[in-house]
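Working notes, beginning with the structure itself.
The values are calculated or read from the model by the stated rules, or taken from the named source; none is laboratory data. Please read these numbers as outputs of a predicted model, since none were measured by experiment. Please note: Cβ atoms are built from the backbone with ideal geometry, for glycine as well, and neighbour counts cover all protein chains shown.
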Amino acid sequence: MVAGEGRLPSTPTPALIPCFAKKALGFFQGGVQRDHEQRSEIEERKIRKEAASEDARRKEKMEREEKERLEKLKAEAEARMKAEQMKAEKLATERAAVEAQKRAEKEAAERAAEEALKKKAAEASQRKAAEEKSRTGGVVEQERMSKLLALVEQNKATGAGSSQAYRRHERQIRSLILQVSATVDVVR
């Protein structure tokens with residue numbers, strides 16, 4: 001080999017040995033350093049990739065847990081709302097039933113009062129008829145009219161004869177009960 005070709009001579013001279021050794025050592029060290037840098041970059045990339053994938057997994061897990069938590073909260077809220085709605089419907093049904101019972105009791109009391117008034121009026125009219133026979137016709141007729149007017153006023157004051165108003169309320173309550181019971185059937 002020729003010394004000028006860039007290669008080392010097969011038998012180097014003692015003066016060239018330190019120079020060639022330094023150059024070779026420099027090349028070797030440069031190669032080792034480049035190799036070390038490349039390996040370090042590869043390791044750094046690998047570590048960054050692993051860290052990124054770990055972060056992505058952690059983030060995905062957190063999102064999944066958050067989604068499950070929100071779904072659970074939503075389901076609980078829906079269940080609570082459904083329970084409250086059913087409770088409200090039950091209360092409405094019970095109220096309607098109580099109102100219907102009160103109305104029926106009130107109507108029965110009114111009928112009883114009305115019958116008692118009719119009996120009293122019949123008895124009074126019989127007594128008065130007997131008294132009227134003994135009195136003169138004009139005076140008796142005026143008394144009878146005043147008593148009739150008084151009886152009509154008394155009936156208005158006690159509410160006798162006002163069952164028409166209660167029938168209207170009865171129909172409204174009956175329709176509300178039917179609506180509520182139909183809603184309960186639909187919910188089931």
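Couple of notes before you dig in:
- Selection within segment 129-180 - within 24 Å of THR93 (Cα to Cα), modelled with pLDDT of 75 or more and not charged (D, E, K, R): HIS169, GLN172, ILE173, SER175, LEU176, ILE177, LEU178, GLN179, VAL180
Okay, residues lined up against (1) at positive phi; (2) among the β-branched types (Val, Ile, Thr); (3) out of contact with any helix residue (DSSP H, G or I) (no Cβ under 9 Å at 6 or more places or on another chain); (4) at pLDDT 90 or above:
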| residue | (1), (2), (3), (4) |
| --- | --- |
| ALA77 | no, no, yes, yes |
| ARG80 | no, no, yes, yes |
| ARG103 | no, no, no, yes |
| ALA113 | no, no, no, no |
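- The lone exception for ALA97 - which of (1) surrounded by fewer than 10 Cβ atoms within 10 Å (Cβ to Cβ); (2) in contact (Cβ under 8 Å) with a residue 60 or more places away in the chain it fails: (1)
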